[in-house]
Amino acid sequence: MVSSNASTPGRATPRPGSFVFPLALLLLAGCDVVGRPATLELDGIAVQLERGARVHDVTVMSAGPTDSIAPATVQAAPGDAIRFVTGDHRTHSIGFDLEFVDPMVREYLERTSQLRGPPLVNRGSAWIVVLEGAPPGRYPFLCRTHGTRGILLVQDPD
C-alpha cells in the first residue's frame, strides 16, 4: 500500500543517507519483516509492506568494462519489495524488459507504474519495486544504460 501522497512506490534516492533508520535495521536483520508490517520510506514516499514480506537487495555496478547485477536472479513472493541500488558512481537506469514478460506481468507493471525506475546517478541511489498483488511469473529486468540483465522470479504464494 502506498501513501496517498505518491503515485508510484519507486523513486530515486538523491543521496545515500536518506533511508530511515528502520529500513537500515530491516536490511541488516536479514531483510525479513518478522511478525509485523513494515513501512519503507524513500524520498518522502512511505511504502507499507505486508506482514511477512521481505526486502531483496539487487546491486548494480561496474565490473571492469561491463556492468554487473548481483544477484542476477532474485526469487520473491507477492508482497515483497525489490531494492535496486547502485554500488558505484556510474549512472544506471533499471527497467523491466517488456519484450519477454507475460501479458499479466506487463499489465501489473503498467498499472503500478513500475515499468522502469529513474536514472540512478549516485552511489547508493535506489529504486524500490513493491510486489503487492503481483502475479507469479518471470520479470526480466535490465540496466538500460549498459545492457546488463537479470531476472526476478515471483513465486506463487501457495
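No lab work stands behind these numbers, since they all come straight from the coordinates. Values in this document were obtained by computation on a predicted structure and should not be read as measured data. Glycine gets a Cβ as well: all are built from the backbone with ideal geometry, and neighbour counts include every protein chain shown.
Laid out as a table, the results:
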| item | result |
| --- | --- |
| Residue order, fewest to most beta carbons within 10 Å, for F141, F96 | F96, F141 |
| Viscosity 0.890 mPa s, 25 °C: Kirkwood-radius Stokes-Einstein D of the stretch 42-158 over Cα pairs, µm²/s | 171 |
| Taking I94, I151 and counting other C-beta atoms within 10 Å, the order from fewest to most | I151, I94 |
| Total formal charge among the other residues, if their Cβ is under 11 angstrom from that of V130, Lys/Arg +1 and Asp/Glu -1 | -2 |
| Relative exposure of E50, E99, judged by other C-beta atoms within 10 Å (fewest first) | E99, E50 |
